[in-house]
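Read the structure below first, then the notes.
The values are calculated or read from the model by the stated rules, or taken from the named source; none is laboratory data. Quantities reported herein were computed from a predicted structural model and do not represent experimental measurements. Methodologically, a virtual Cβ is constructed for each residue, glycine included, from the backbone with ideal geometry; neighbour enumeration extends over all protein chains shown. To get the accessible areas, we keep the full protein, side chains included, count just its heavy atoms, and leave off ligands, DNA and RNA. Shrake-Rupley method; radii C 1.70, N 1.55, O 1.52, S 1.80 Å.
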Amino acid sequence: QKVSSNTEGKQKELTHIKNLYYKRLLPIEKNYSFHQFHSPSYEDADFDNKPMVLVMGQYSTGKTTFIRYLIEEDFPGSRVGPEPTTDCFTALMYGQGEGIIPGNALTMDPKKPFRNLDIFGNAFLNRFQCVQLSNKVLESVSIIDTPGILTAAKRKLSRGYDFPAVLRWFAERVDRIILLFDAHKLEFSDELTRAFGALCGFDDKLRVVLNKADKVDSQQLMRVYGSLMWSLGKVFRTPEILRVYIGSFWSEPRQMCDHYQLIELEEEDLLAEIRNLPRNATIRKLNDLVKRARLAHVHIISYLKQEMPTIFCKENKKHNLIYQLPVIFTKIQQQHRVPAGDFPDCTKMQEKLLGQDFSKFKTLKPNLMASLDKLLTNDIANLVPLLQQQDQRKKSLPSVLDVEFLGTFRPEHRRDPFKELPRDDQHSEADLNDWAVEKFKPKYDEIFYNLSPSEGKLSGTKVKEWMMSTLLPSSVLAQIWRLSDVDGDGKLDNEEFALAVHLIEGKLEGHWLPRELPSHLVPPSKRSGRNEQ
């Protein structure tokens with residue numbers, strides 16, 4: 001009943017936000033040609049879809065590997081290598097069956113938030129696709145993988161579409177932007193600088209990751225980190241400092257280094273950021289709505305219309321107004337007390353105004369401005385407290401992101417008793433009696449008893465110390481603990497420990513961990529209790 005109540009509450013809030021947009025803001029955007037200058041209008045899918053994470057960076061910085069690390073599985077079309085392997089935008093979304101939807105078909109689907117991407121033409125749509133997976137993480141969040149940003153040596157190559165404009169389209173709609181850099185190949189190219197320009201105005205969504213930090217020593221890391229912060233400060237000319245995470249975000253063992261513990265702490269912080277996205281999704285949608293409403297576009301269009309002559313010299317006057325646009329911005333700030341931050345980029349606005357017919361512009365309408373003022377001062381102010389209360393009750397992301405490794409072994413940690421692991425009915429009774437770990441158990445028992453168990457069990461602290469020596473990421477070890485602690489008592493007996501070592505060895509050999517413990521891996525002493533339940 002609680003889950004049903006939270007879902008109904010979320011739908012009610014989204015409906016309220018959609019109604020505010022359609023009733024108060026959309027008529028103003030249409031009346032003053034907002035969509036020709038800034039971004040297309042919102043549709044139902046923009047409000048209804050899951051939070052999105054945009055992953056970007058130069059090629060070979062680990063974008064695709066980072067996504068595989070989050071969802072714990074390969075996805076169709078993914079390739080990893082030192083050369084540019086990702087040449088298209090890939091939207092990873094939840095679906096009952098695995099499949100790929102090409103870009104042209106994707107923009108025709110009203111249930112997907114990509115309908116307005118057709119403005120970038122076939123050159124882009126041929127390099128855009130949606131991969132649907134039945135994945136626990138994708139039930140709560142969608143992930144956008146992007147082509148590797150070209151280095152200086154590749155800058156003469158043309159993509160055939162406006163790459164920065166596509167990035168800006170996504171930046172406006174996603175909830176978080178993850179920008180990856182390689183710790184031993186730090187380079188700022190021309191295309192990267194243009195990509196930064198596309199992200200201006202969305203700095204609050206941006207998180208920077210200095211990846212592969214275990215491949216350099218602490219002295220090199222300090223210098224690379226300082227160089228990255230200095231370079232970012234030159235591009236993003238704001239007093240706020242961007243949050244830069246140091247990590248090695250992949251599921252294979254890390255190299256031991258002096259800053260290994262720092263990497264672990266940074267990993268937990270970044271996962272916490274992503275894990276909380278579903279809680280804050282509705283607030284983010286409302287925040288983006290306010291950004292659109294506050295943009296000084298209406299005042300600019302109205303001023304240009306008032307200054308145009310009725311009959312003669314229209315073209316000359318138009319070009320004079322475009323040339324004087326910086327001065328016009330200043331006048332509007334003084335007359336209407338509009339903050340400078342609410343104005344669009346002056347140069348880009350001048351470029352777009354060149355192809356417009358100023359005689360078709362419209363002046364300020366009191367009723368529309370009153371509606372806009374009511375939206376900002378009353379409607380949104382009344383909605384925010386309700387959204388905050390509702391978001392506190394929403395769930396975080398599941399699976400590998402659902403726990404922090406440091407909190408996994410606390411005595412109060414227990415598995416949810418209502419989430420029983422599924423049993424495969426197709427197996428015979430004989431199959432269930434065979435335990436896949438049994439033949440390896442003697443060597444696992446030797447490790448178990450060398451760790452000095454108490455009353456036949458190892459505490460979480462002892463297990464953690466041993467597991468950390470494998471150098472697997474803490475999030476992967478947390479998943480192994482969750483699978484191994486079958487009875488949920490916060491300790492491991494000899495069978496559960498053998499299972500944990502078996503899973504670790506499989507992971508070290510490059511296999512993906514199971515989402516839930518399959519029947520042939522369940523320790524024999526734990527099967528009767530599970531079957532009775």
All positions within region 303-339 that are free of Cβ contacts under 8 Å to residues at least 40 places away in the same chain and of a type in the set (S, T, N, Q): T310, N316, N320, Q324, T330, Q333, Q334, Q335
Test: residue in region 520-533 that is polar (S, T, N, Q) and crowded, with 16+ Cβ neighbours inside 10 Å: no
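This table checks each residue for (1) open to solvent by 10 Å² or more (accessible area, probe 1.4 Å); (2) modelled with pLDDT under 80; (3) more than 13 Å from Y59 (Cα to Cα).
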| site | (1), (2), (3) |
| --- | --- |
| K156 | yes, yes, yes |
| D162 | yes, no, yes |
| V166 | no, no, yes |
| F170 | no, no, yes |
| R173 | yes, no, yes |
| L179 | no, no, no |
| D182 | no, no, no |
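Residue by residue, here is whether (1) touching a Ser or Thr at 6+ places or on another chain (Cβ under 8 Å); (2) closer than 20 Å to L179 by Cβ; (3) modelled with pLDDT of 85 or more holds:
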residue: S248; (1), (2), (3): no, yes, yes
residue: P253; (1), (2), (3): yes, no, no
residue: D258; (1), (2), (3): yes, no, no
residue: E268; (1), (2), (3): yes, yes, no
residue: A281; (1), (2), (3): no, no, no
residue: H297; (1), (2), (3): no, no, yes
residue: I332; (1), (2), (3): no, no, yes
residue: Q335; (1), (2), (3): no, no, yes
Failed criterion for L271 (all others in (1) among the hydrophobic types (A, V, I, L, M, F, W, C); (2) in contact (Cβ under 8 Å) with a residue 60 or more places away in the chain; (3) not assigned by the TED database to the domain that holds W169 hold): (3)
Residue list for region 340-359, filter: in contact (Cβ under 8 Å) with a residue 12 or more places away in the chain and loosely packed, with under 11 Cβ neighbours inside 10 Å: L354
The listed residue being at pLDDT 85 or above, over 30 Å from K362 (Cβ atoms) and not assigned by the TED database to the domain that holds V476, out of L321, L262: L262
Of all residues making up region 117-136, the number that are surrounded by fewer than 20 Cβ atoms within 10 Å (Cβ to Cβ), aliphatic (A, V, I, L, M) and under 22 Å from the mean Cα position of the chain (by Cα): 0
Selection within region 440-498 - within 17 Å of L517 (Cβ to Cβ), among the aromatic types (F, W, Y) and either in a strand (DSSP E or B) or open to solvent by 10 Å² or more (accessible area, probe 1.4 Å) (or both): F440
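With region 34-135 as the region, which strands (runs of 3 or more DSSP E) entirely inside it contain at least 1 residues that are without any contact (Cβ under 8 Å) to a residue 60 or more places away in the chain? Reasoning before the result, please.
Values: elements: 52-57, 89-94, 99-102, 128-133.
Passing ranges, in order: 89-94, 99-102, 128-133.
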Residues located in region 261-271, provided they are open to solvent by 20 Å² or more (accessible area, probe 1.4 Å) and either more than 17 Å from the chain's Cα centre (by Cα) or of a type in the set (A, V, I, L, M, F, W, C) (or both): Q261, L262, L265
